[in-house]
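The values are calculated or read from the model by the stated rules, or taken from the named source; none is laboratory data. Not measured: the values here are computed from a predicted model. Methodologically, a virtual Cβ is constructed for each residue, glycine included, from the backbone with ideal geometry; neighbour enumeration extends over all protein chains shown.
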Amino acid sequence: MTETAVLAAADALVEAFARHDRDAYFAAFAPDATFVFHNLDRRLDCRAAYEAEWALWETRDGFRVTGCRSTDRKVQLVGDVAIFTHAVETDLSFGGEAVTSNERETIVFSRGPEGRWVAVHEHLSAPT
């Protein structure tokens, strides 16, 4: 059941991202979640920092997510922590130009006292 719950939380996060649903996507992360992306020169130390970066991408670059597929999924459980890894193929638009990216991603989830799995760290890397 626990692995199923983690996969459901991951699916909800990926599905919100895939439809560019900012509110649902960011709601999947704890306020103090951290983010490491291969295309940024720094770590983002909280959800608000990532939200600000996302807004900048939208206004400066015409950023829009148009689709996302998750494959090669694995969940590792360590008490109230779950490590979710997968390959992710994302369809994006930058200024109206379509781009597809292929990356690997790790999302660390923590189970809160109410039993909800919330993302506390995301690490996105380019494939080798």
- Selection from region 88-114 of residues touching a helix residue (DSSP H, G or I) at 6+ places or on another chain (Cβ under 8 Å) and of a type in the set (Gly, Ala, Ser) yields Gly95
- Residue check, Thr85 at pLDDT 95 or above, within 16 Å of Leu124 (Cβ to Cβ) and either in contact with a helix residue (DSSP H, G or I) (Cβ under 6 Å, 6 or more places away or on another chain) or surrounded by 13 or more Cβ atoms within 10 Å (Cβ to Cβ) (or both): yes
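Any residue at all in region 103-110 that's in a helix (DSSP H, G or I), farther than 16 Å from Asp11 by Cα and modelled with pLDDT of 95 or more?
If we filter region 103-110 for residues that are in a helix (DSSP H, G or I), which is where we start, we get none.
No, there is no match, as no residue in region 103-110 is in a helix (DSSP H, G or I), farther than 16 Å from Asp11 by Cα and modelled with pLDDT of 95 or more.
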- Members of region 39-98 found to be touching a Phe, Trp or Tyr at 6+ places or on another chain (Cβ under 7 Å), assigned to a helix (DSSP H, G or I) and either closer than 18 Å to Ala8 by Cα or in contact (Cβ under 8 Å) with a residue 24 or more places away in the chain (or both), listed by number: Tyr50, Glu51, Asp61
- Message: One residue is enough: does region 49-71 have a residue meeting the conditions farther than 26 Å from Pro127 by Cβ, surrounded by fewer than 16 Cβ atoms within 10 Å (Cβ to Cβ), in contact with a Pro (Cβ under 8 Å, 6 or more places away or on another chain) and of a type outside the set (A, V, I, L, M)?
- Response: no
